[in-house]
1. Would you order 63, 73, 235 from fewest to most other beta-carbon atoms within 10 Å of each residue's own beta-carbon?
2. When the distances between all Cα atoms of the chain are binned every 10 Å from zero, what whole-number percent does each bin get?
3. For the chain, find the longest principal axis of its Cα atoms and tell me its angle to the long axis of helix 52-66, 0 to 90°, nearest 10.
4. At what distance in angstrom do the alpha carbon centres of segment 1-50 and segment 153-204 lie from each other?
5. Taking the mean number of other Cβ atoms within 10 Å as a proxy for protection, how do you rank 146-155, 8-17 from highest to lowest?
6. Fewest to most neighbouring Cβ within 10 Å: what's the order for 209, 226, 194, 109?
7. Using the Kirkwood formula over every pair of different C-alpha atoms, what hydrodynamic radius in Å results for segment 123-235?
8. Could you work out how far helix 102-117 tilts from the main Cα principal axis of the chain, as a 0 to 90 degree angle to the nearest 10?
């Protein structure tokens, strides 16, 4: 029987890559977003994922169209913020609603479908920024940390129904939205590449590959875990990023040493 999947934020960089990958794997896929991703094989349902009624109606339509939901991937979210003392009440609520509230609303609607089926896989998209930190993103970091905690809680509460829950925690992912924040000329890209042990830039397709695995029958016993996808950046000591002259004084090998 053909498996089915529902992707939130399906028109965004990560959501679009995930939807395309699952379609390529033979799943029947529906996507929720305010914008049509216009992907072959993806049934689009317009919804503001921070609105309970819109989420309920869109999920019901997706269930009717797909005949059920085997996989839910929550990619919807926004990356914005300011230092806490400059964050307004509206700013705080907007970021938490888009990143955390949307997960709550969508998982709540999908759970009864999976419980009735006695199986399912829920993949939430978190971030390394609740483990490490970047300047000026307090609401975003709080929301992503809460997503990881919520996912663990769901694994405990609903594992007996055969439903698995996994959080993926990406580092900086190369998408049109994130690249628009970088300085022109490629210098920022080069620094990002050098900031992790693998000297690599993470692409949305890398996240899609991970989603395809953790939501597959091959990972059926994986639940309650948080998988970090940042090419090793979060385990790097700041000393490893010093210029070679400084590294030499500290007895460290040059950056390009193999």
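Read the figures in this text as sums done on the coordinates, not as results from a lab. Owing to the predicted nature of the structure, the values given are computational and were not obtained by experimental measurement. Here the Cβ is made from the backbone with ideal geometry for all residues, glycine too, and neighbour counts use every protein chain on show.
1. So the ranking, lowest neighbour count to highest, is 235, 63, 73.
2. So the P(r) values, bin by bin, are 7, 29, 34, 19, 8, 2, 0.
3. For helix 52-66, the angle is close to 70 degrees.
4. That distance is 19 Å.
5. The densest-packed peptide leads the list: 8-17, 146-155.
6. The order, fewest Cβ neighbours first, is 194, 209, 226, 109.
7. 15.1 Å is the Kirkwood radius here.
8. Roughly 50 degrees between the two axes.
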